[in-house]
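Below is one structure, written out as structure tokens; comments come after it.
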Amino acid sequence: MLDLDMGKYAAFVWPAYAVTAVTLIGMVALSLRRSARWRREAERLRGGDERP
Amino acid sequence: MPGDMFSALANPQRFMSFSRWAAPALGAAAAVLMAAGLYLGFTAPEDYQQGDTVRIMFIHVSAAWMGMFAYACLGGASFFGLVFRHSLADAAARACAPLGAAFTALALVTGSLWGRPMWGAWWVWDARLTSVLVLFLFYLGYMALQAAIEDEAKADRASAILSLVGVVNLPIVHWSVVWWNSLHQGESVFTRSGSLMAPVYLWPLGLMAVGYTCLFGSLWLVRTRAEVWRRRARAAAIKAAG
């Protein structure tokens, strides 16, 4: 059974999970965006498909 | 053979072929492992001393381990880049630093949020906390040095030397709780007499830690691929201009 009631420690537990979620999602989003951007740029400048 | 695999992946074309499927596979493994770790973490009972704050451990310890592991990877890639002048190793080092810095920052922030209710302080100049802060500063120094030097080859060499100096800090972080009297909890997962932690907490921690490792591996591959494309684009731009 999931226990989501953090009682008197909710003000510490949930911010810790929130900042972790935001950071990890941000890391994934920024890394994917960076990869897509430089792949497009390499394709544009080199004039071909950069896959794999 | 790990040696054969390493030399095969040192070829940028082979690395790009490998990372194309390995990055999403590791990302999927990370999602499954972290979901399972979170489920077990939030079904585990409250700790008799720490109450519900024990649930911060699953994300705090995993982030701290990852901050150190990423720095060891940064040091390894920097060593190969410096000694063998291998451009893929330089690209891997450059791709690794922001990820390691983010995990280390998470360890510091979540540790602070755990420390306040348990110790009564957001921060203490304890050996473990201070050495992790130094680790974070090494990451920032590495990235600042990369950004400050225009010549990329020189930037890679200078930052590689800095990162190798920072490797000295890793054993200090690890053994700080043994060498000095520390407010921070001592070794409890890997001890000579086995884990001191109850399995009900050890399992979610283990799953989260392996999940974080897979996530780091996936993002490291994604960012190294981006760095390879950035260098190809830059070389093409210079060739077109010249």
- Do we have any residue at all in the stretch B:31-47 that's within 13 Å of the chain's Cα centre (by Cα) and surrounded by 23 or more Cβ atoms within 10 Å (Cβ to Cβ)? no
- Message: Yes or no: the stretch B:202-210 includes at least one residue that is surrounded by fewer than 22 Cβ atoms within 10 Å (Cβ to Cβ), part of a helix (DSSP H, G or I), of a type in the set (Val, Ile, Thr) and in contact (Cβ under 8 Å) with a residue 24 or more places away in the chain.
- Response: yes
Taking the stretch B:143-196 and keeping only residues that are farther than 30 Å from residue B:228 by Cβ, of a type in the set (Val, Ile, Thr), out of contact with any Asp or Glu (no Cβ under 8 Å at 6 or more places or on another chain) and outside any loop (DSSP other than H, G, I, E, B), one is left with B:172, B:173
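Yes or no, residue by residue, for (1) at pLDDT 95 or above; (2) surrounded by 13 or more Cβ atoms within 10 Å (Cβ to Cβ):
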site	(1), (2)
A:1	no, no
A:19	yes, yes
A:23	yes, yes
A:26	yes, no
A:36	yes, yes
A:43	no, yes
A:49	no, no
Taking the stretch B:197-242 and keeping residues under 14 Å from the mean Cα position of the chain (by Cα) and away from chain A (no Cβ under 11 Å) leaves B:209, B:210, B:213, B:214, B:217
Exactly one of B:97, B:70, B:121, B:107 is free of Cβ contacts under 8 Å to residues at least 24 places away in the same chain and of a type in the set (Gly, Ala, Ser), and that one is B:121
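The values are calculated or read from the model by the stated rules, or taken from the named source; none is laboratory data. Values in this document were obtained by computation on a predicted structure and should not be read as measured data. Neighbour counts are summed over all protein chains in view; Cβ atoms, including those assigned to glycine, are modelled from backbone coordinates with ideal geometry.
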